[in-house]
Amino acid sequence: MTEQIYLSRRNLLTLLSKLDRAKSGDATAKTIVKYMNPKDPFVQTMDSIAVTAVEDEDYYVDRTPGVMHPADEPDVGTRDAPPSEVTINLAELRSRVFIGFKAGQEVRLRFKLDDLDAEPSTVVNVVIPDTTYTISDSFFQGMFEQSLLQYGKHFNEKYRFTMKQEFHHTLNRMFSNLAFQDLNLPNAAADSA
């Protein structure tokens, strides 16, 4: 009988994340351990198994990779693609005042930040024009709270800001106002453009 293991999307993304972390110098075994649970809808056939992720260049040293279904092949080559960049310029909103949590959420929807957050290799450059009169920490929170939850201490690797120095203080105030102290949030002023 052939042994069977089931990997969820979460399992697969975790393994890919471990590969990326190892490549950037983090210590990781690049492994997840799966245990049999008879209550799972998909029950593996062994009591436990360690699944370890390996880079293609380390795995395929003595042979070429096998053929894949054509619909899957395009995604394979893009994982190591250089990060892409997207610029969000608040000047497009034709306003000089950005205040309020709800307004920040609306701007998040307009610029499709959820979609951008789903692309880990995409860097988002946020431009707040010099003509801006004021921007509140609640606006920043409405616009970026979900991104902070997702990226935590890596937020400033994902989002880069070009704005007046006084607005960096507002961004830092938003970081300190949020109850995410355990995320080790970045200091925005330290990464200012």
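Derivation of every value follows stated rules applied to the coordinates shown; laboratory data play no part. The structure presented is a predicted model; accordingly, all values stated were derived computationally and were not measured. Positions of Cβ are generated from backbone atoms using ideal geometry, with glycine treated the same way; all protein chains shown enter the neighbour counts.
Computed over the Cα atoms of region 85-163, the ratio of the radius of gyration to the Kirkwood radius (Rg/Rh) comes to 0.93. When the Cα positions of Ala91, Pro120, Tyr151 are compared along the charge dipole of region 84-191, Ala91 comes out farthest toward the positive end, with charges on each C-beta of Lys, Arg, Asp and Glu. Distance between the modelled labels on Lys39 and Ala27, one decimal in nanometres: 3.5 nm (7 Å Cα→Cβ projection).
In this entry, region 9-78 is assigned a mean projected area of 6.6 nm², taken as a quarter of its C-alpha convex hull surface. Extension gain for His154-Asp114 works out to 12.8 nm (0.36 nm per residue, less the C-alpha to C-alpha distance). How high is the FRET efficiency from Phe101 to Val123, r the C-beta distance, R0 25 Å, rounded to 0.05? The calculated FRET efficiency here is 0.50. Placing pseudo-labels 7 Å out from each Cα toward the beta carbon at Glu166 and Tyr133 gives an inter-label distance of 1.2 nm.
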